[in-house]
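Peer 1: Dropping a structure here in structure tokens format, bear with me for questions.
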Amino acid sequence: MKKPFTTLEDVALAANMSRAQTSRALRGDPGVRAETRERIAAIAAELNYRPNLAARSLVSAHSSIVGLIIGDPSNPFHIQLAQAVDRALLDRGFEPVTTLRSAEDGSAVNETERLLRFRAAGVILIAPLITSKAISTIADSLPCVYLGSQRVNHPRVTVITVDDNGGVRTAMEHLLSLGHRRIAHLGGGNEASARERTKAYCEVMEEAGLEPFFLRGTHDAASGRRGVDALFSDANPPTAIFASNDFLALGVLDRLKGMGLSVPEDVSVVGFDDIPSAANSVFSLSTLRQDIHAQAQTAVDSLEAMIANGAKRIRRHVMPVELVLRHSCGPAKAS
């Protein structure tokens, strides 16, 4: 029966060398002659040898494996950010181990146990719906980078968040400058980022002497459709809607079209994230852009520093957002 994979012992046997000598050659040990290293590498390639990363980390006490836990695999922005983090890890020589399970307190801690069995060097969390206590529990075992709005005070956690408050204020001030006064907000539920965005929206409305008009939902298109139905059942419907994320906003645009309302002539719409669909000419959604590549690089830089130097202090990076104006925003309709 053919073996499913080639082992280091197979390469050593083919090369007529000891396992230790073969391992040193494949690692590029300068103590092994160059011609020997080249011969062993050629044999390994011919046999389709792949190094066992878990075994290597056991021997060397160093690991290139990094866990990547995605909070909500159904959220296109989380997947987009995960792809950028995955690429940044690979470019830096790490081996990502990704989970697509929706993370909750218990499952995230269990996933950490799995990563420890792999001898992972650290973990990156992308906005999981878990408490700061659960994140701290994970960080007790592994250096941890958390991308999200949760506040975590733990020396082995680096938090990378976006400027939710500043971004919302920029979007709201733009809508106010267009003459909108009846501005509604569709929130994203109990996520930390959603709470921050709803709070900023309410502050701007109150500072402008206007009454906040918002509904709590979830970060998905179906919630956007339901939100529009509720908002337009009011005797005084909005002339603009600020949605807590783009997925919500796409649901808003879909339902407005179904009701026979024009965007932006009847209603202006602004989202948050700038997922790829937002730029589609069908939607042309004005939104607040997060720079996923900058977030990914900062995450990997932070994790690498923690692995190399240990955690000495609590770190928090606040990333800026940019208002991207497309065709979904326009002047308020004259009453």
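Peer 1: Give me the pairs: first residue in the stretch 135-156 and over 20 Å from ILE65 (Cα atoms), second residue acidic (Asp, Glu), beta-carbon distance under 6 Å, and six or more apart or on different chains, which are they?
Peer 2: That search, which allows pairs on different chains as well, returns SER149/GLU196.
Peer 1: Answer yes if at least one residue in the stretch 209-221 is outside any helix (DSSP H, G or I), small (Gly, Ala, Ser) and surrounded by 15 or more Cβ atoms within 10 Å (Cβ to Cβ), and no otherwise.
Peer 2: Checked against the condition, which is being outside any helix (DSSP H, G or I), small (Gly, Ala, Ser) and surrounded by 15 or more Cβ atoms within 10 Å (Cβ to Cβ), the stretch 209-221 yields at least one hit.
Peer 1: Mind checking which residues of the stretch 284-315 are of a type in the set (A, V, I, L, M, F, W, C) and either crowded, with 23+ Cβ neighbours inside 10 Å or closer than 20 Å to GLY148 by Cα (or both)?
Peer 2: Listed by number, the residues that qualify are LEU285, LEU288, ILE292, ALA294, ALA296, ALA299, VAL300, LEU303, ALA305, MET306, ALA311, ILE314.
Peer 1: I'm checking my understanding of the structure. Among residues of the stretch 301-331 that are modelled with pLDDT of 95 or more and outside any strand (DSSP E or B), which one is farthest from the chain's Cα centre (by Cα)?
Peer 2: Looking at the filtered set, the residue picked out is PRO331.
Peer 1: Is the stretch 27-37 home to any residue that is part of a loop (DSSP other than H, G, I, E, B), acidic (Asp, Glu), modelled with pLDDT under 85 and touching a Leu at 6+ places or on another chain (Cβ under 7 Å)?
Peer 2: Looking through the stretch 27-37, none of the residues is part of a loop (DSSP other than H, G, I, E, B), acidic (Asp, Glu), modelled with pLDDT under 85 and touching a Leu at 6+ places or on another chain (Cβ under 7 Å).
Peer 1: Pick out the one residue from SER328, SER281, SER277, SER262 that is surrounded by 21 or more Cβ atoms within 10 Å (Cβ to Cβ), of a type outside the set (A, V, I, L, M, F, W, C) and either farther than 18 Å from LEU176 by Cβ or touching a strand residue (DSSP E or B) at 6+ places or on another chain (Cβ under 7 Å) (or both).
Peer 2: The match here is SER328.
Peer 1: Among the residues of the stretch 195-202, is there at least one that is under 23 Å from THR131 (Cα atoms), at pLDDT below 95 and either in a strand (DSSP E or B) or touching a Pro at 6+ places or on another chain (Cβ under 9 Å) (or both)?
Peer 2: no
Peer 1: Every residue in the stretch 232-266 that is farther than 22 Å from PRO76 by Cα and touching a Ser or Thr at 6+ places or on another chain (Cβ under 6 Å), please.
Peer 2: Within the stretch 232-266, ALA240, VAL263, PRO264 meet the criteria.
Peer 1: Give ASP234, ASP254 a once-over and let me know the one that is at pLDDT below 95 and in the same structural domain as ILE183 (by TED's automatic domain parsing).
Peer 2: The match here is ASP234.
Peer 1: Quick check: is even one residue across the stretch 90-101 among the hydrophobic types (A, V, I, L, M, F, W, C), assigned to a helix (DSSP H, G or I), at pLDDT 80 or above and crowded, with 17+ Cβ neighbours inside 10 Å?
Peer 2: So far as the stretch 90-101 goes, no, none of its residues is among the hydrophobic types (A, V, I, L, M, F, W, C), assigned to a helix (DSSP H, G or I), at pLDDT 80 or above and crowded, with 17+ Cβ neighbours inside 10 Å.
The values are calculated or read from the model by the stated rules, or taken from the named source; none is laboratory data. Nothing here was measured: the structure is a model prediction, and the numbers come from that model. Don't worry about glycine lacking a Cβ; one is built from the backbone with ideal geometry, like all the others, and counts go over all protein chains shown.
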